[in-house]
1. Using a Debye calculation, one point per C-alpha and no hydration shell, please list log10 I(q)/I(0) for the stretch 229-317 at q = 0.24 Å⁻¹ in order.
2. Which value, in debye to the nearest 20, gives the size of the charge dipole of the chain about its Cα centre, when Lys and Arg are +1 and Asp and Glu are -1 at the Cβ?
3. What shape does the chain have by the C-alpha gyration tensor, where a ≥ b ≥ c are the square roots of the eigenvalues, rounded means a/c under 1.5, and otherwise prolate means a/b greater than b/c and oblate the rest?
4. Compute the long axis of helix 308-335 from its Cα atoms, compare it with the longest principal axis of the Cα atoms of the chain, and write down the angle in degrees, 0 to 90, nearest 10.
5. Indicate the gyration tensor shape class of the stretch 127-189 (rounded, prolate or oblate), computed on the Cα atoms with a ≥ b ≥ c the square roots of the eigenvalues: a/c under 1.5 is rounded; otherwise a/b larger than b/c is prolate and the rest oblate.
6. Just flag the trypsin sites (Lys or Arg not before Pro) in the stretch 104-206 sitting in loop per DSSP whose Cβ has no more than 13 other Cβ atoms within 10 Å.
7. With viscosity set to 1.002 mPa s and temperature to 20 °C, compute the Stokes-Einstein D of the stretch 254-370, Rh being the Kirkwood radius across alpha carbon pairs; µm²/s, no decimals.
8. Percent relative contact order of the stretch 92-230, based on C-alpha pairs within less than 8 angstrom and at least six residues apart?
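Computed from the coordinates by the stated procedures, all read-outs in this text should not be read as laboratory data. In this text, all values refer to a predicted model and were calculated from it rather than measured experimentally. Cβ sites come from the backbone with ideal geometry, for glycine too, and all protein chains shown count toward neighbours.
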Amino acid sequence: MNIAIIGSGLTGSLAAISLANAGCRVDLYERLSDDELINRDRTYAITHSSRKILEKIGIWKNFTSHLVPFQYLNIIDYELNKKFQFLVNDLNITDQKYSAVGWIAEHKNVMISILNFISDIENINKIPTSVIPNTNNYDLIVVADGSNSITKKKLKTPSFSFNYDQMCITAKVLLRGVKSNEAFEILNSEGPFAVLPLGKDLFQIICSQSIAKGNYNMSLSKSSFLDYLSTILPHGIEIDTILDKPNSFPISFVFNYLFFSGKYIYLGETAHKIHPVGGQGLNLCWRDVDSLTNIISLPLLRNNNYFVPLIYSISRFIDVLSISIFTDSLVRYSRSNFYIFSLPRSLVFFVLKRSAILRKFIINAMTNGF
Ligand SMILES: Cc1cc2nc3c(=O)[nH]c(=O)nc-3n(C[C@H](O)[C@H](O)[C@H](O)COP(=O)(O)OP(=O)(O)OC[C@H]3O[C@@H](n4cnc5c(N)ncnc54)[C@H](O)[C@@H]3O)c2cc1C
């Protein structure tokens, strides 16, 4: 099968490797240079679903030296001052063998590993342009050109979307009072924020807050921003220093009603975009890649690509919808700090702290999808 992929971000690049492994000839179109693709300041939470996909593709061992595993995922309700933990034991038996609830990875390392892998594969042809000269040359066109996809706009594919009245601020910090193998998801009224381990006492902070407050915080000096962070970190965690200049980006929600248009198939953030809380975004994108590869590898569909887009779209619907709703609910929970919500919130924490079955269900859904 001849396939064109538009966009060589983490979704398009992994799709190129996975589809090439499945025997397709792939032309990978990207308008940016490799350096531009690599130099993005982002940090990802990698779940077991991604680990399985990377193992299947044969790239996992190239990753492991760049990943920071965590064994504890602490969920803290800042307003109620309550906490519970997801532990390795909450995962299913196969995942427990890896002794990690998940891993944290910096974009740069992930992108370099994937680009290096691509350069060794013969049936991937990298084309440094955004224009496909003749679409008739391809059986399928995989669209992975991101959340502002021009291709999707041109094809007028409808989607449900809205902007959160929030922005996300990220910074690398040195912390005291935290173990290097624990991650935090802190639900406070400003919006949820995550503390992710990057090795030793280095952590990535990803905090969401109102646009007005976020813009104000971005205008602060490093030392004033550090003072601000120390007020929102849970008791017992102290911030020593901020290592880089904080970055910010807007947060939006996108959900395509259909994940295809004709022979164009939407993968990754072209098809769906969710709030960064919960660290599900990239994992969801990579499950798209796995689904498409599985469908294309079916003997019945190998020489009959007509039904591939529709089957792919159906196969991804439940997982993407469930994770999108789950993530959005987490954001709304975090911000529901009115007095009347304190009882249901306390109840949620009470049940989750005591019910191993419920904890197992949630962590397994978050790590392996639906
Ligand atoms: C500013 C920002 C910060 C983020 N930070 C985090 C974070 O901290 N943690 C996290 O988990 N997630 C983060 N995300 C989300 C995460 O980056 C995505 O989930 C992930 O990158 C997968 O995206 P993708 O490959 O589908 O799209 P993208 O990464 O957007 O890749 C799309 C690619 O398509 C290329 N392209 C676009 N149009 C064309 C065209 N016409 N022709 C050819 N190529 C084209 C682009 O140059 C780009 O390389 C962030 C996203 C943004 C925008």
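1. -1.20
2. 620 debye
3. Prolate shape, in that a/c is at least 1.5 and a/b is the bigger ratio.
4. Once rounded, the angle reads 10 degrees.
5. Prolate.
6. Of the trypsin sites (Lys or Arg not before Pro), the ones in loops of the stretch 104-206 whose Cβ has at most 13 other Cβ atoms within 10 Å are LYS156, LYS179, LYS200.
7. The diffusion coefficient I find is 133 µm²/s.
8. 18 percent
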